[in-house]
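Just below is one structure, and these are the notes that go with it.
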Amino acid sequence: MDKILYKLDKFEGPLDLLLTLIQKHKLSIYDIPIAEITDRYLEAIEGIEEAELENTSEFLVMAAQLLLIKSRMLIPKNEEEEEEEDPREELARRLEEYQKFKEASAELRKSEFSSRYMVFRGEEKIKFPVPEYSRRHNTDELIEAFEHILARRIRRSAPEKRAFSGIVGREKVSVDDMVEKICKRLAKSRRVSFKSLFPDSDSKPEMIATFLAVLEMIKLNRIRADFDEDKRDFIITAEKNNREDTAKGAFESGEG
């Protein structure tokens, strides 16, 4: 049987490659056969050339982590260690969160694509001007900006004591809470930068929830995102017809 060759530049990162392999071989992310998936992952990246190592270091880090989990699974457990967490659980959490994020991105792209081919017939005479969202960006650019922020945070984070640190922790973060948080920011300042919505103190679940909140607010025409070429960042602004509601929401939340 011929070996399947993968081009790593076609994947957004090691989690994307790993999830593709799991889905291709119809495996469960909640009960990963770690020995099998490790072998398949190593086979997929073994064609990396030395010149590519700088751009594919994250794939090699994941390979090392998979080998570590595999070795931990092979080590016999003592009676005192029987209650220790399955070393695959953290990987499963990372894959589950990444899968949700990927599905949300796909739905967003799908809705944007559909809207391009919809034609609405409006009234010939409009008594009152209808506010429109002047989209000065495309969805892919906003997603790419968030991915850069997330990747930079991962690289900057100090390694934890655990052998395998997860991209998402155990805490639950509500998208609605992040919408409220953004409203409070916009009630104080009419314009905020996209990057400023992701302070260093935020956990990765908070970052993902904040990003989904931004997408939801754009979809509902509550905010707009304009790209600032000088600052190389998106500027988030409350839409005029929603500024009063934004300020009211912040007041009712205790900010007024």
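Points worth noting:
- Nearest-0.05 FRET efficiency for S193 and E107, computed from C-beta distance (R0 25 Å): 0.45
- Sites H148 and I75 - FRET efficiency at Förster radius 30 Å, r taken between beta-carbons, to 0.05: 0.20
- Full extension of the segment from D177 to K26, taken as 0.36 nm per residue of separation minus the current Cα-Cα distance, would add 50.8 nm.
- Residue exposure sequence - V175, V61 - by fewest surrounding Cβ within 10 Å: V61, V175
- When the pairs K204/K231; K24/K231; K26/K181; K24/K219 are compared against a 31 Å limit on Cα-Cα distance, K24/K231; K26/K181; K24/K219 fall above it.
- Extension gain from L220 to L60, taking 0.36 nm per residue of separation minus the Cα-Cα distance: 53.5 nm
- Taking the number of Cβ atoms within 10 Å of each Cβ as an exposure proxy, the fewest-first ranking of K26, K204 is K26, K204.
- The ranking of F198, F211 from fewest to most other beta carbons within 10 Å of each one's beta carbon is F198, F211.
- One decimal place: the segment D233-E46 gains 63.7 nm when fully extended, by the rule 0.36 nm per residue minus the C-alpha distance.
Throughout, read-outs are computed from the coordinates displayed, never taken from laboratory work. Remember, it's a predicted structure, so these values are computed and weren't measured experimentally. Please note: Cβ atoms are built from the backbone with ideal geometry, for glycine as well, and neighbour counts cover all protein chains shown.
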